[in-house]
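This report refers to the structure that appears directly beneath it.
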Amino acid sequence: MKTQVTFRSGAFPPYDGEEEEINPGLWGKRLAEYLVEKLGERGIGTDGYVTEDWGCYLPVTVNGTRLAVCCGHHNDDDDEFLCFTEPATPVVRKLFRKVDFTEPLGRLVAVLDEILTSDPGIRELAWQEPGR
């Protein structure tokens, strides 16, 4: 399943001082705020976001299942961004069993794609499987 997307947009510049909070060249608060709003409009519950050293982590609930969207600036150009899901794959090993997240993860990816493709300020979307 393709759970990682890169894209370009000038709509998510860093806030003043944001790179000092995260790491030089990395930011994502405006993108995280945008996604929290847009996911909520489409029925995906969010608990806001948490700033990490690589970008922002958004805990979400899809059909009662806890997942996350991770997002932030990507590469060298100021308009390049990356979003990926947690978990990154639909089936996850937990201790001695496998947990199947196919349905809620598929819904999350579909909603993210709808949000990003419907925004005229976002371009050059490229979905890929993790690790590729």
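The values are calculated or read from the model by the stated rules, or taken from the named source; none is laboratory data. Note that the structure is a prediction, hence the values are computed from the model and not measured. Here the Cβ positions follow ideal geometry from the backbone for every residue, glycine too, while neighbour counts run over all protein chains shown.
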**Q.** Flag for Thr61 being in a strand (DSSP E or B), polar (S, T, N, Q), touching a Ser or Thr at 6+ places or on another chain (Cβ under 9 Å) and without any contact (Cβ under 8 Å) to a residue 60 or more places away in the chain
**A.** yes
Q: From (1) in a helix (DSSP H, G or I); (2) of a type outside the set (A, V, I, L, M, F, W, C); (3) over 22 Å from Ala126 (Cβ atoms); (4) touching a Phe, Trp or Tyr at 6+ places or on another chain (Cβ under 9 Å), pick out the condition that doesn't hold for Glu37.
A: (4)
Q. How many residues does the stretch 1-34 hold that are in contact (Cβ under 8 Å) with a residue 40 or more places away in the chain, of a type in the set (S, T, N, Q) and either in a strand (DSSP E or B) or surrounded by fewer than 18 Cβ atoms within 10 Å (Cβ to Cβ) (or both)?
A. 2
(Q) The conditions are (1) surrounded by fewer than 17 Cβ atoms within 10 Å (Cβ to Cβ); (2) touching a Cys at 6+ places or on another chain (Cβ under 9 Å); (3) part of a strand (DSSP E or B), and Trp54 fails exactly one of them. Which is it? (A) (3)
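For the stretch 88-108, give me each residue that is free of Cβ contacts under 8 Å to residues at least 40 places away in the same chain and either among the β-branched types (Val, Ile, Thr) or at negative phi (or both).
Of the stretch 88-108, the ones free of Cβ contacts under 8 Å to residues at least 40 places away in the same chain are 91-101.
Correct list: Val91, Val92, Arg93, Lys94, Phe96, Arg97, Lys98, Val99, Asp100, Phe101.
What number of residues within the stretch 89-127 are surrounded by 17 or more Cβ atoms within 10 Å (Cβ to Cβ) and under 19 Å from Glu41 (Cβ atoms)?
9
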Q.
I need every pair where a residue in the stretch 40-55 that is free of Cβ contacts under 8 Å to residues at least 24 places away in the same chain has its Cβ under 9 Å from the Cβ of a residue that is part of a loop (DSSP other than H, G, I, E, B), sequence separation at least 6 or different chains.
A. Tyr49/Gly28
Q.
Looking only at residues that are part of a loop (DSSP other than H, G, I, E, B), within 20 Å of Leu39 (Cβ to Cβ) and of a type in the set (A, V, I, L, M) in the stretch 79-129, which one is modelled with the highest pLDDT?
A. Ile122
